[in-house]
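The values are calculated or read from the model by the stated rules, or taken from the named source; none is laboratory data. Remember, predicted model here, so these are calculated numbers, not experimental data. A quick note on method: Cβ atoms are made from the backbone with ideal geometry, for glycine too, and the neighbour counts reach across all protein chains shown.
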Amino acid sequence: MKMTFRWFGEGNDSVPLKYIRQIPNCTGIMGVLDQYAAGEVWPLEVIQEYVKHVNNAGLEVEVIESVNIHEDIKLGLPSRDGYIENYKQTLRNLASCGIKVVIYNFMPVFDWLRTDLAREIEEDGSNSLYYDNEELKGLTPQMLVEKTTANAKGFSLPGWEPERLTELERVLKLYEDIDQEKLLENYQYFLEKVVPTCEELDLRLAVHPDDPAWPVFGIPRIAHTKEQLKRIVGLVDSPANSLCLCTGSLGSSPNNDIPSIIRYFGKLDRIACVHIRNVKYLGEKKFRETSHLSVDGDLDMYEIMRAIYETAPNVYIRPDHGRMIWDEEGRPGYGLYDRALGIAYLNGIWESLEKINR
Ligand SMILES: [Mn+2]
């Protein structure tokens, strides 16, 4: 595995590259260029400059997150073809700069969502992202957008880019005619156009699962169970059509057995990268994010790492969200300390697996 760390770019992240380089075994980042709206081409020169900057800090960047898909593609509008061509051009530009994996999602309107970005964990005084479906029921989509952006501490949040959400009402209306099957059809159309390009470029697309792992606000969602992920990898049968296995997103539902899902898709060579995070169930559709330690949450990190070790040992890995601890200030979920602790812990499990299996 290759251990990496999500980084949002100079001036846009509270964690300097130098600190990331100092985390044991962390050899690269999963990068983000969120200055471009969904549907725009990411210019080659900008990507080149970005990669050079990261490399100069002694880190690799072979994975890029958040190449967002324009809503017109998800909605299947006639304008989608132009946006798909733009998407392919961005992929070409990324591949020519050494990028191997591109993470994206096919969630309509909302990417991930939470009802609290900094809920205190009473036991130790830290805080973390939190979700309560009962609270969500009391909110309109507009209210949730206002609440989430107000609590972002001045950082732009991935998936909550203002330009995606300004037209919220109009876009939500368009989705009234789209059910899961229609969304899958539009997804297949997109993959059939894009995957051959990825194959030529030796690039893998990795779809991020729905977060949380159920539909919200009545909008269709198609990537939160093993059966749904099976359908997605079956839409176009190619390793270029792969998964970003996010343990915390899928794991928000106790119905998802994460180690067994990893084993299934790992054996098929359809996992390109893994986000690792632990969650604690607090009730029906109610959870908070925790430290990575197994006993702090409800996911078994040892079994998760063992499944990766045995079926997908060459994937890119990163700690996903962490708690905010030691009074750190930063983008919710993306502080340095708890994610670095997570890496140290995952490193320890991995070393044990290697030595046991020697
Ligand atoms: Mn994730």
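Observations on the model:
- The set of residues from the stretch 118-140 being touching a Leu at 6+ places or on another chain (Cβ under 8 Å) and either over 27 Å from Tyr175 (Cα atoms) or modelled with pLDDT under 90 (or both) comprises Ala118, Arg119, Leu129.
- If you go through the stretch 230-257 and pick out every residue that is within 14 Å of the ligand (Cβ to nearest atom) and surrounded by 22 or more Cβ atoms within 10 Å (Cβ to Cβ), you end up with 10.
- Any hit, the stretch 209-227, residues being on the phi < 0 side of the Ramachandran plot, surrounded by 18 or more Cβ atoms within 10 Å (Cβ to Cβ) and hydroxyl-bearing (Ser, Thr, Tyr): yes
- Any chance Arg288 is outside any loop (DSSP other than H, G, I, E, B), under 25 Å from Asp132 (Cα atoms), more than 15 Å from the ligand (Cβ to nearest atom) and in contact with a Leu (Cβ under 8 Å, 6 or more places away or on another chain): yes
- When Leu168 is tested against the conditions (1) under 30 Å from Gly335 (Cα atoms); (2) within 19 Å of the chain's Cα centre (by Cα); (3) not hydroxyl-bearing (Ser, Thr, Tyr), the lone failure is (2).
- Counting residues in the stretch 246-255 that are of a type outside the set (A, V, I, L, M, F, W, C), free of Cβ contacts under 8 Å to residues at least 12 places away in the same chain and outside any loop (DSSP other than H, G, I, E, B) gives zero.
- For the stretch 320-331, the candidate set comprises residues that are surrounded by fewer than 21 Cβ atoms within 10 Å (Cβ to Cβ) and of a type outside the set (Val, Ile, Thr); within that set, the residue that is nearest to the ligand (Cβ to nearest atom) is Gly330.
- Of the set (1) part of a helix (DSSP H, G or I); (2) touching a Ser or Thr at 6+ places or on another chain (Cβ under 7 Å); (3) surrounded by fewer than 16 Cβ atoms within 10 Å (Cβ to Cβ), all apply to Val195 but (3).
- Asp338 being within 16 Å of the ligand (Cβ to nearest atom), out of contact with any Pro (no Cβ under 6 Å at 6 or more places or on another chain) and closer than 18 Å to Leu129 by Cβ: yes
- Enumeration of residues in the stretch 145-166 that are away from the ligand (no atom under 16 Å from the Cβ) and without any contact (Cβ under 8 Å) to a residue 60 or more places away in the chain: Val145, Glu146, Lys147, Thr148, Thr149, Ala150, Gly154, Pro162, Leu165, Thr166
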